[in-house]
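Everything on this sheet refers to the single structure shown next.
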Amino acid sequence: MRVVTPAMKLDVRIDELAAKDGLLQMSGVAGMLPCETTLRPSELRTMIGKLMRPSILRLLLRADPPAPGKPPAR
């Protein structure tokens, strides 16, 4: 996952997911720093609804594109 803000760009890696205190907690690394992100159930339902659009489902079901600077796999 990549997060882009006016101040910086960060690569984000989610390592763990857990339901805790009524929230979805995601723990991982943002750039070089440990991070924690939380979603309320209503936010998660909204995200799932957006993920169910046909264009997003097609993206999820096709193979990952090659990384920049690497030739495609044969």
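Of the residues L33, L59, L17, L23, the single one that is in contact with a helix residue (DSSP H, G or I) (Cβ under 9 Å, 6 or more places away or on another chain) and free of Cβ contacts under 8 Å to residues at least 24 places away in the same chain is L23. Scanning the range 32-46 for residues that are surrounded by 12 or more Cβ atoms within 10 Å (Cβ to Cβ) and either assigned to a helix (DSSP H, G or I) or among the small types (G, A, S) (or both) turns up E43, L44, T46. With respect to being surrounded by 10 or more Cβ atoms within 10 Å (Cβ to Cβ) and charged (D, E, K, R), D64 falls outside the description.
No lab work stands behind these numbers, since they all come straight from the coordinates. The structure presented is a predicted model; accordingly, all values stated were derived computationally and were not measured. Quick reminder, even Gly has a Cβ in these numbers, built from the backbone with ideal geometry, and neighbours come from all protein chains shown.
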